[in-house]
Amino acid sequence: MGFLTFIVRNVPGGDHTLQIQFASTDGRAARVSKVVLTVWYGPDPANENALRSLERIYRNQQRWDALIQTLERHDAKATFFIPALSGLIPPGQPKAVVAAGHELAIHSWIHELNSRLSHESERELAFRARDTLESLTGVRPVGMRTASWDFSPWTLSILREMGLLYDSSL
């Protein structure tokens, strides 16, 4: 049985490096056929100023490219859950994920907490996220993972209304 390990290490200067390891339970190299990832490389208005967010977006774009190449080397497919606003910065990244044969799924609009939204706001942001990811890739997402696994009383009914096939939040 194989598993995937992501190790993020701090590097002098505040940057990070991402190391990806594929291994089996007995320590030998393993074949991993499917990986599920939540990737958020966009601005975090609650924790960062705009310049820091842009720096992080640039570094994470490079990590995405490295991650896609690593998955290709191991002939593994992944589901990438991303906030739709993050997909707009840079707009080519979601398309590159789909072009490499991976699934792109919804992870909110801007990592909002559904339990703090009105029904109308949650619905509007969920549909906006789906439509944005579809317009960036040409493929309508069929799955979702809510931000912080946060559900409101109407989250599931909105997901059903959107016609999604699955939710991986719970």
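The values are calculated or read from the model by the stated rules, or taken from the named source; none is laboratory data. Computed from a predicted structure; not experimentally measured. Positions of Cβ are generated from backbone atoms using ideal geometry, with glycine treated the same way; all protein chains shown enter the neighbour counts. Heads up: the accessible areas ignore ligands, DNA and RNA and are worked out on the full protein's heavy atoms, side chains in. Shrake-Rupley method; radii C 1.70, N 1.55, O 1.52, S 1.80 Å.
The number of residues in the range 132-162 that are without any contact (Cβ under 8 Å) to a residue 12 or more places away in the chain and within 15 Å of ALA105 (Cβ to Cβ) comes to 2.
Taking the numbered list (1) farther than 28 Å from GLU72 by Cα; (2) open to solvent by 10 Å² or more (accessible area, probe 1.4 Å) in turn, THR155 passes all entries but (2). Could you please find all residues in the range 107-122 being modelled with pLDDT of 95 or more and either among the β-branched types (Val, Ile, Thr) or surrounded by fewer than 18 Cβ atoms within 10 Å (Cβ to Cβ) (or both)? Those that are modelled with pLDDT of 95 or more and either among the β-branched types (Val, Ile, Thr) or surrounded by fewer than 18 Cβ atoms within 10 Å (Cβ to Cβ) (or both): SER118, HIS119, GLU120, SER121. Condition check: modelled with pLDDT of 95 or more, among the small types (Gly, Ala, Ser) and either part of a helix (DSSP H, G or I) or within 15 Å of the chain's Cα centre (by Cα) (or both). Does SER157 satisfy that? Criteria met by SER157. Within the range 138-152, the set of residues being open to solvent by 60 Å² or more (accessible area, probe 1.4 Å) and either acidic (Asp, Glu) or touching an Asp or Glu at 6+ places or on another chain (Cβ under 6 Å) (or both) comprises just one member, ARG140.
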